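The values are calculated or read from the model by the stated rules, or taken from the named source; none is laboratory data. These numbers were taken from a predicted model, which means no experiment stands behind them. Quick reminder, even Gly has a Cβ in these numbers, built from the backbone with ideal geometry, and neighbours come from all protein chains shown.
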Amino acid sequence: MKRLAAYTIVIWVALHAFGAPAATARRAADAQAPPQRTQLPSTDGKLNIIAFGAHPDDCDQRAGGTAAKYAALGHRVRFVAVTNGDAGHQTEGGGALAARRRAEAQEAGRRIGIEYVVLDNHDGELLPSLAVREQIIRQIRLWNADLVLAPRPNDYHPDHRYTGILVQDAAYMVVVPNIAPDTAALRKNPVFMYFEDGFQKPGPFNPDVAVSIDDVIEKKIDMMDAHVSQMYEWLPWVAGTLETVPKDPTGRRRWLGETRAGRPTPAVRATLVKWYGAEKGNAVRHAEAFEICEYGTRPDQAMIRKLFPFLPN
Ligand SMILES: [Zn+2]
């Protein structure tokens, strides 16, 4: 009897410690992507950067190069997709598409050395609700963010627009202990900045910082290349150019670089010149730019240099 009991315990431990039930539970937890307390207060001199996009691939296009530069210097970056992307395809949808896009996002993050979290809100149905605001407050607090990046709240896509609103709505609440009290409030409000966009009304994007990403442009394209369902299927289908996408992985990766790398606008060029000087600033081919949001900590020049350590002195 005693021996049988001992075997039973051994089998129980083996199953629960190493077997299928534990793995399944872990996968379920990953799928829900709860905020994890992964960051201690940054006493090691490294920055904690968090960026929010509506869909799994939005942050990549606006800040993938800058994120790669942070990661190369040992700073910690987390991209958060506020929806799971489950409406973003012409022939797929629902849970299967959400799972595919979560896997693509995690591969994209792996390629440049950052974390990628996908929140389980439906694509195309995002609203600036209290529940989602609290999800965002918790993400910013748990990352102990120094800098928060997000879209501006004017955009053709309601999910993009509401992501901008939701992050703005979190920009003060992250320091209020009685809001989302299950997650310790920050003692210091982070700096909040907007991604670049091309919308002119009610006001055009007004860059405060522009970062040369010439040294990491291939990494950024590699990151975007991980979003196969978007870059090579959904976005070209919506644009009516699906037949121009090369079929082989090497050809389509080259096509992506040729069609998606982008060039600085005149406003971004002027900001590059301001930070890099005329000679270097005018020579930059690829850049990402950011505008200070008025609702978080407002950085002075010295703080901007601290937050963007790859800007020249
Ligand atoms: Zn999007």
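Can you give me the number of residues within the stretch 270-307 that are outside any helix (DSSP H, G or I) and surrounded by 14 or more Cβ atoms within 10 Å (Cβ to Cβ)?
The qualifying residues number 13.
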Filter the stretch 201-231 down to the residues that are surrounded by fewer than 19 Cβ atoms within 10 Å (Cβ to Cβ) and either free of Cβ contacts under 8 Å to residues at least 40 places away in the same chain or part of a loop (DSSP other than H, G, I, E, B) (or both) and list them by number. Lys201, Pro202, Gly203, Pro204, Asn206, Asp208, Glu218
Which one of Ala108, Ala170, Ala98, Ala103 is closer than 23 Å to Tyr70 by Cα, outside any loop (DSSP other than H, G, I, E, B) and free of Cβ contacts under 8 Å to residues at least 60 places away in the same chain? Ala103
All positions within the stretch 41-67 that are out of contact with any Asp or Glu (no Cβ under 8 Å at 6 or more places or on another chain), at negative phi and surrounded by fewer than 24 Cβ atoms within 10 Å (Cβ to Cβ): Pro41, Thr43, Asp44, Lys46, Gln61
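Every residue, every condition in (1) at pLDDT 95 or above; (2) within 16 Å of the ligand (Cβ to nearest atom); (3) within 15 Å of the chain's Cα centre (by Cα), yes or no:
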residue	(1), (2), (3)
Thr83	yes, yes, yes
Gly94	yes, no, no
Leu119	yes, yes, yes
Asp123	yes, yes, no
Leu147	yes, no, yes
Tyr162	yes, yes, no
Ile165	yes, yes, no
Can you go through Asp60, Asp44 and tell me which one is under 25 Å from Leu307 (Cβ atoms), outside any strand (DSSP E or B), among the acidic types (Asp, Glu) and within 16 Å of the ligand (Cβ to nearest atom)? Asp60
Go through the stretch 258-289 and give me each residue that's in contact (Cβ under 8 Å) with a residue 40 or more places away in the chain and closer than 30 Å to Thr91 by Cβ. Arg260, Ala261
Got at least one residue in the stretch 139-157 being touching a Phe, Trp or Tyr at 6+ places or on another chain (Cβ under 9 Å), within 24 Å of His89 (Cα to Cα), in contact (Cβ under 8 Å) with a residue 60 or more places away in the chain and in a helix (DSSP H, G or I)? no
